[in-house]
1. For every other residue with a beta carbon closer than 12 angstrom to the beta carbon of S49, add +1 if it is Lys or Arg and -1 if Asp or Glu, then tell me the sum.
2. Count charges around K35 for me, please; just the other residues with Cβ under 11 Å from its Cβ, Lys/Arg as +1, Asp/Glu as -1.
3. Using a cut-off of 11 Å between beta-carbons, work out the net charge of the residues near R66 (Lys and Arg +1, Asp and Glu -1, R66 not included).
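Read the figures in this text as sums done on the coordinates, not as results from a lab. Worth saying up front: this structure is predicted, and the values here are computed from it rather than measured. Backbone-built Cβ (ideal geometry, glycine too); neighbour counts: all protein chains shown.
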Amino acid sequence: MSAGGAFGGNRGVRPVPPEKGVFHLDHLHECDLEKKDYLACLKSTGFQSERCCQFSKKYLECRMERNLMAKQDMSELGFRNLDEVETAPDKISRLESSTNEPKEKK
C-alpha cells in the first residue's frame with residue numbers, strides 16, 4: 001500500500017515554498033507585455049542585457065505587483081536608480097567611439 005498520493009507524494013505534509021530565484025508561472029499572462037518588451041529589446045541589441053535593464057526592471061516589478069514573485073527592493077536584485085544610468089543607444093555609441101579614438105598627443 002502506498003503512503004503517498006497519486007504521484008507518490010506524501011499527503012499531509014505542508015508544501016515547502018520555492019527557493020529564491022524560482023517563481024510561479026504567469027498562467028494568466030498578466031506580465032506578457034513587459035516580457036515581450038524585454039525580449040524584443042534583447043533581440044534588437046544583440047542580447048546585450050545591460051542595454052535592456054529598464055525593461056527587465058518593469059517585468060520584475062509587474063511580477064511582484066501581481067504576487068508572482070516575492071516583493072524585494074530592486075537594489076537587492078541588482079538594479080540601481082535608472083535615472084542615474086544612461087542606456088540610450090547614442091550614449092553607448094559615444095562611449096564606444098571614445099574608447100576607439102586615438103589619444104591626443106601633448
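1. With Lys, Arg at +1 and Asp, Glu at -1, the net is +2.
2. Combined, the nearby Lys, Arg, Asp and Glu give -2.
3. On the way: positive: R63, K71; negative: D26, E30, E34, E61, E65.
Result for the local shell: -3.
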